[in-house]
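Report on the structure given below.
The values are calculated or read from the model by the stated rules, or taken from the named source; none is laboratory data. Keep in mind it's a predicted model, so treat the numbers as computed, not measured. Cβ sites come from the backbone with ideal geometry, for glycine too, and all protein chains shown count toward neighbours.
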Amino acid sequence: MVTRHLLLLFVLLSSCTTVKSVGTNGFHFGRRVITGEIPRAARFVNGQVRRLFGFGQSDGSFWYADEMQGRPSIVINLGEQMVYLFKDGELAGGSPISSGSEGYDTRPGRYSVIEKDIDHKSSIYGDYEDMQANVIMQNIDNRKDPRPPGTRFEGAKMYYFMRIYGGVGMHQGYLPGHPASHGCIRLPGHMAEKFYYACPQGTPVEVVP
């Protein structure tokens, strides 16, 4: 009965959300859904239905892009802590994120992928290690934290890095369930890799509140 009611509610809401069904792989949304023009309730119901029928991963990510053609674009929704990939305006993938924490807020705006580096390391944040690679000080900012004698700076690893402005980019990282980065957009490793290979340099990126 619960399944029937959820499905009925999804069908009713989808009539005004530009949802499209694609084979048996899941539900594809138009761009207006993600950028906030469509009520969040509709997106929530679709997410519940998608999980109910086994579409997507347990972490909330999903990926149809390998089966789709078209020019990629990215939307990062800070309020939802999600990033979405589109191909020619059709939703092709999505992943949970962790964006900038208070004081390091990720800035809304329109950007593009201006640099890609699969083995990127931060030039500012990381650890101080001794010469045997033992961590002496963790999670430091080398602009503020003096380096102890006999140590070296080791930048934080940011695999599958895609820069969008300044020092900010998308990359593999830890997701605690809330904004926690220094401004970057962290993704689970398997999704950071997918976005990296699906999005060439120059891919448009929109960050919305």
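Just a few scattered comments:
- Segments classed as strands (runs of 3 or more DSSP E), wholly inside region 166-209, with at least 3 members that are farther than 20 Å from residue 63 by Cα and not hydrophobic (A, V, I, L, M, F, W, C): none
- Looking at region 56-152, the strands (runs of 3 or more DSSP E) lying wholly inside it that each contain 2 or more residues that are in contact with a Leu (Cβ under 9 Å, 6 or more places away or on another chain) sit at 72-77, 82-87, 90-96.
- Pair list, Cβ under 6 Å, 6 or more apart: region 85-106 residue at positive phi, other residue among the charged types (D, E, K, R) and at pLDDT below 95: 89/31
- Region 180-209 residues that are within 24 Å of residue 103 (Cα to Cα), paired with ones that are of a type in the set (Asp, Glu) (beta carbon under 8 Å, 6 or more apart): 183/105; 188/59
- Test result for residue 171, touching a His at 6+ places or on another chain (Cβ under 7 Å) and under 18 Å from residue 139 (Cα atoms): yes
- When 155, 173, 150 are checked against the criterion of being exposed (fewer than 14 other Cβ atoms within 10 Å of the Cβ) and either at pLDDT 95 or above or among the small types (Gly, Ala, Ser) (or both), a single residue qualifies: 150.
- Any hit, region 152-161, residues being farther than 18 Å from residue 95 by Cβ and among the small types (Gly, Ala, Ser): yes
- Looking across 70, 26, 30, 54, one residue alone is at pLDDT below 95, exposed (fewer than 13 other Cβ atoms within 10 Å of the Cβ), over 17 Å from the mean Cα position of the chain (by Cα) and not aliphatic (A, V, I, L, M). It is 54.
- Hey, residue 91 surrounded by 20 or more Cβ atoms within 10 Å (Cβ to Cβ), more than 14 Å from residue 186 (Cα to Cα) and touching a Cys at 6+ places or on another chain (Cβ under 9 Å) or not: no
- Contact map, region 113-140: first residue under 30 Å from residue 200 (Cβ atoms), second residue surrounded by 14 or more Cβ atoms within 10 Å (Cβ to Cβ) and basic (Lys, Arg), Cβ cut-off under 6 Å, separation 6 or more or different chains; pairs are 114/163; 115/163; 121/157.
- The single condition from (1) modelled with pLDDT of 95 or more; (2) over 22 Å from residue 180 (Cα atoms) that residue 133 fails is (1).
- Candidate set: region 182-201, residues that are among the small types (Gly, Ala, Ser) and farther than 14 Å from residue 165 by Cβ; chosen: the one surrounded by the most Cβ atoms within 10 Å (Cβ to Cβ): 192
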